[in-house]
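Contents: one structure, followed by commentary.
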There are 2 protein chains.
Amino acid sequence: MTDLAKRVYDHTWKIDPIVRSLLDTDFYKLLMAQTILRRHRDTQVTFGIQNRSRQVRIADLVDEGELREQLDHARSLRLTRGEATWLRGNSFYGRRQMFSAEFIDWFEGFRLPDYHLEKRDGQYLLTFHGLWVETTLWEVPALAILNELRSRGVLRHLGKFELQVLYARAMTRVWEKIERLKRLPDLSIADFGTRRRHGFLWQDWCVEAMLAGLGPRFLGTSNCLIAQRREVEAVGTNAHELPMVYAALAEDDEGLAAAPYAVLADWQQDYDGNLLVILPDTYGTAGFLERAPEWMTAWTGIRIDSKDPIEGGEEAIAWWRSRGCDPQAKLAIFSDGLDVEAIETIHARFHGRMRLGYGWGTLLTNDFRGLVPDGALDPISIVCKVLDANGRPAVKISDNPTKAIGPADEIARYKRVFGVPEQAALPVLV
Amino acid sequence: MTDLAKRVYDHTWKIDPIVRSLLDTDFYKLLMAQTILRRHRDTQVTFGIQNRSRQVRIADLVDEGELREQLDHARSLRLTRGEATWLRGNSFYGRRQMFSAEFIDWFEGFRLPDYHLEKRDGQYLLTFHGLWVETTLWEVPALAILNELRSRGVLRHLGKFELQVLYARAMTRVWEKIERLKRLPDLSIADFGTRRRHGFLWQDWCVEAMLAGLGPRFLGTSNCLIAQRREVEAVGTNAHELPMVYAALAEDDEGLAAAPYAVLADWQQDYDGNLLVILPDTYGTAGFLERAPEWMTAWTGIRIDSKDPIEGGEEAIAWWRSRGCDPQAKLAIFSDGLDVEAIETIHARFHGRMRLGYGWGTLLTNDFRGLVPDGALDPISIVCKVLDANGRPAVKISDNPTKAIGPADEIARYKRVFGVPEQAALPVLV
């Protein structure tokens, strides 16, 4: 039976919007936005998209008009009543009222700010300048839009049947990964794949698959909208942008050296429990841990993000021991370019030695590698990073020089201040 | 948007019918029916279902009430005007008016005759007694109903998500087989999978996949309804029931020995071209070919059905050579329990030595092996064979004693008359 009403209604759509809700973003962006609103509401920053997979010329694949339409559509979104109700009434990490009335009021009046878009060398220069608390909320939807438009550009050329087989293969691949993961004892894994996802509906399917396959071993998703709709946990803590902005705002080298700890001191006041996960690698993990104040040892865990995970895990265990803590009571969260093989390796090495959590991103929600010719759907390493704060350049070093961000002289200064040694470059897959 | 009208309409279905058209049958049943109508319209036979996979207790898996409902629904079907038009107007094997006005008139008045059903030892005794031309048309729908009801019985216990992954896997499997087949030079392959299919919609999907993947290398389908709807060739020639009934009706040993050739003599009058494919194995291929009349060498090809395919192919080549024919001008059709490995092996051995055609059945349209626990969806070897004709027992020997049918004393007599030597049993997978 043809649903005439639906067919006619569908004709009225001008575009098929990629981002349809302000909650279609990562949970930690909201936690960070609340901290920023509370402590840095006047700070101005610039965020910018950077495609580290330069060989993929996104500007040739994605029409500028379509990109603008999608970004403009995202700018038209407002938090709905039901979404605000969910933020107010839901418990996050077992705690009610995670978000203050002040933050939710602010969020209800929020719209995504303007953007600047131009093409250069087959890439899009897409930047967001303005209040930190506003521009920070562009990161996830902007990346999700670019990634999904790229997917759509490729999928447009496939027939109905090729599409069906493509998704059958992708589903089979995800399910086979989940079946392997099932075998790991005491697994705890979450979806971190919003920004680099193949598409919204695909991420949603992946979450459904994780839930069906892993049950309580699936901790939840970083995506607030999917968490709300599927009634699963929304998960995540904080990201590099906090130390990057705090560092950029520091008045001198002493302030710079203290900035990463200032972030955690603020965070500790704002949140607690499982949200107290240290992200130590912004300016090199080794120096960060070495100089860490004693109170940091009380934190729940460490996120190991840009270092070889085995090395990073051993480093965390050694650090906790050196501070008189029992690593078995501590949590290590791995989240850098994970796939099943890496998770298995990490689990084999560390299971029983500390509590383990996995944030599985791109290779959960966008593993279409090899499924179309020329790898045209293979995920790309695209990021949206803070470039400056109140006019000063922002810098990231991390444990992998391939991921460094900032002007060369500033990078040199940061390396000196943080005592960053020579680093070995690791390939960045996604 | 919920289509209320459709939802309410769907409530009115009492059952979800498995067979919805009299054309949902194999093309060769119609060719044979036409020959039977023309030459043996008063012959009475009995067809009976036999499940060679005795370990699968179908009567425990399939509810008798549901089975009766499906069989009764099939009995309510009449050839529609559009279906009759297709039979009249379509060309088959490049020939128009393959079916006579007399046959189509008869078919328009046809309904499937009554059936007899009882349970025994976990199996259904399902038999059809009556006019040969009527009961012969039960074979395919009865098998398709039993196979699909068994699938449904298993699928009923799966959740929405498990079903989705199941079909994703099955689709991926079929598509990967097709991609392997694509590499074979001069491939010509057809779907012969109606009777043992997982379900009608699945067979239809498999045909779509073959068409999309193989293009003109996909010769067509044996299923008339799918051929009509998808506008592909309907293919097939004849089956063992013809020599079995001719043999049963023979008055003496001399008539018995002549019966298989009488079948071909009649067939040759009724049809020509690519329909002139010898099915030599009913009472042993070796003896059949040895005693074949000279006019049989003019036939287009041989179907190799119950013998090891390499042995059978070599036997065909040797026979054609012995009769002064060029095997390269002849067609060998392989159709016994084929899967990709077997097709590749056969192709590697015979490509270039004779024309090759493959009739791919059960392992195209029902390869759900291992996709649910305990192999509950693995295909079974179930057949519907003629048991007697005008009160005399029907006998099949074939090249594989596992497939022999008939009373022991009659099998012994047939073996003597046809000079069948000791045979090695081959396992029957499907």
Among the lysines, which have Cα under 26 Å from the Cα of B:LYS119 when same-chain residues fewer than 8 positions away are ignored?
B:LYS14, B:LYS385, B:LYS396, B:LYS403
Would you please classify the overall shape of the range B:169-291 from the alpha carbon gyration tensor, given that a ≥ b ≥ c denote the square roots of the eigenvalues, rounded means a/c under 1.5, and beyond that prolate means a/b larger than b/c while oblate covers the rest?
prolate
Where does helix A:253-270 land angle-wise versus the long Cα axis of chain A, in degrees 0 to 90, nearest 10?
70
Can you work out the Karplus-derived ³J(HN,Hα) for every residue in the range B:172-186? Use 6.51 cos²θ - 1.76 cosθ + 1.60 with θ = phi - 60°, whole Hz, and x for glycine or proline.
4, 5, 4, 5, 5, 5, 4, 5, 5, 5, 3, 6, 7, x, 6
To the nearest 500 deg cm²/dmol, what mean residue ellipticity at 222 nm is calculated for chain B from DSSP H runs of n ≥ 4 alone, each contributing -39,500 (n - 2.57), summed and divided by the residues?
-13500 deg cm²/dmol
Shortest first and in nm to one decimal, what separations exist between A:LEU4 and its copies in the other chains, measuring from label points 7 Å along the Cα-to-beta-carbon line?
1.6
In the range A:151-234, which trypsin sites (Lys or Arg not before Pro) fall in coil by DSSP and have 13 or fewer other Cβ atoms within 10 Å?
A:ARG156, A:ARG183
For the range B:186-250, what does the accessible surface come to per residue with a 1.4 Å probe? Please give it in Å².
27
Going by a ≥ b ≥ c, the root eigenvalues of the Cα gyration tensor, does the range A:336-388 fall in the rounded group (a/c under 1.5), the prolate group (a/b larger than b/c) or the oblate group?
oblate
Measure out, as a whole number of angstrom, how far apart the alpha-carbon centroids of the range A:46-120 and the range A:358-430 sit.
21
Relative to the longest principal axis of the C-alpha atoms of chain A, give the angle of the C-alpha long axis of helix A:340-350, reported between 0 and 90° and rounded to the nearest 10°.
20
Amide H within-cut-off set for B:LEU356, under 5 Å, with H built and near neighbours excluded
B:ALA332
Which of the residues in the range B:208-234 lose at least 10 Å² of accessible area when you go from the chain alone to all protein chains together (probe 1.4 Å)?
B:GLU208, B:ALA212
Considering only DSSP beta bridges where both residues belong to the protein assembly as shown, give the percentage that are antiparallel (nearest 5).
55
Would you tell me the accessible area of B:TYR28, worked out with a 1.4 angstrom probe on the heavy atoms of the protein chains, in Å² to the nearest 10?
30
Whole-Hz ³J(HN,Hα) for each residue in the range B:137-150, computed from phi via Karplus 6.51 cos²θ - 1.76 cosθ + 1.60 with θ = phi - 60°, x for glycine and proline: what do you get?
7, 7, 3, 6, x, 4, 5, 5, 5, 4, 5, 6, 5, 5
A:ARG353 versus B:ASP121, label points 7 Å from Cα toward the beta carbon: distance in nm?
6.1
Leaving out ligands, DNA and RNA, what percent of the accessible area of the protein assembly as shown is carbon and sulfur, probe 1.4 Å?
50
Using the Karplus curve 6.51 cos²θ - 1.76 cosθ + 1.60 with θ = phi - 60°, work out ³J(HN,Hα) for each residue of the range B:79-93 in order, rounded to whole Hz, and write x for Gly and Pro.
4, 7, 4, x, 5, 5, 4, 5, 4, 6, x, 6, 9, 10, 6
Return the distance in nm (one decimal) between the two label points of a simple spin-label model at A:ASN390 and A:ARG68, each offset 7 Å from Cα along Cα→Cβ.
3.5
What does the C-alpha gyration tensor say about the overall shape of the range B:305-407? Classify as rounded when a/c is under 1.5, otherwise prolate if a/b is larger than b/c, or oblate.
oblate
How far is B:PRO407 from itself in the other copies, in nm, if each label sits 7 Å out from Cα along the Cα-Cβ line, shortest first?
10.4
Taking the alpha-carbon set of chain A, what are its Rg and Dmax in Å?
21.2, 72
Enumerate the aspartates and glutamates that B:LYS182 could reach by cross-link, defined here as Cα to Cα under 12 Å, with residues fewer than 8 away along the same chain left out.
B:GLU344
Order the following by accessible area, largest value first: B:THR2, A:THR46. Probe radius 1.4 Å; ligands, DNA and RNA are ignored.
B:THR2, A:THR46
If you line up the long axis of helix A:200-214 against the longest principal axis of chain A, both from Cα atoms, how many degrees apart are they, to the nearest 10?
70
Suppose accessible area is computed on protein heavy atoms with a 1.4 Å probe; arrange B:TYR271, A:TYR167, A:TYR115 from highest to lowest.
A:TYR167, A:TYR115, B:TYR271
Where the centre of each part is set by its Cα atoms, how far does the range A:132-170 sit from the range A:268-323, in angstrom?
34
Chains B and A together, accessible area buried on both sides, 1.4 angstrom probe, square angstrom
1900
Which residues qualify? For B:ILE278, with a placed amide H closer than 5 Å and at least 5 residues away or on another chain, they are B:GLY301, B:ILE302, B:ARG303
What is the local net charge at B:LYS330, summed over the other residues whose Cβ is closer than 11 Å to its Cβ (Lys, Arg +1; Asp, Glu -1)?
+3
Once amide H atoms are built 1.01 Å from N in the peptide plane, which residues 5 or more positions from B:ASP388, or in another chain, come under 5 Å H to H?
B:THR46, B:ALA394
Can you tell me which lysines have their Cα less than 19 Å from the Cα of B:LYS330? Leave out same-chain residues fewer than eight positions away.
B:LYS307
Teacher prompt: B:GLY273 distances to equivalent labels in other copies, 7 Å Cα→Cβ, nm:
7.6
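The values are calculated or read from the model by the stated rules, or taken from the named source; none is laboratory data. As the structure is a computational prediction, the values presented were derived from the model and not from experiment. Note that each Cβ is placed from the backbone with ideal geometry, even for glycine, and that neighbours are counted across all protein chains shown. Just the protein is used for accessible areas: all its heavy atoms, side chains included, with ligands, DNA and RNA removed. Shrake-Rupley method; radii C 1.70, N 1.55, O 1.52, S 1.80 Å.
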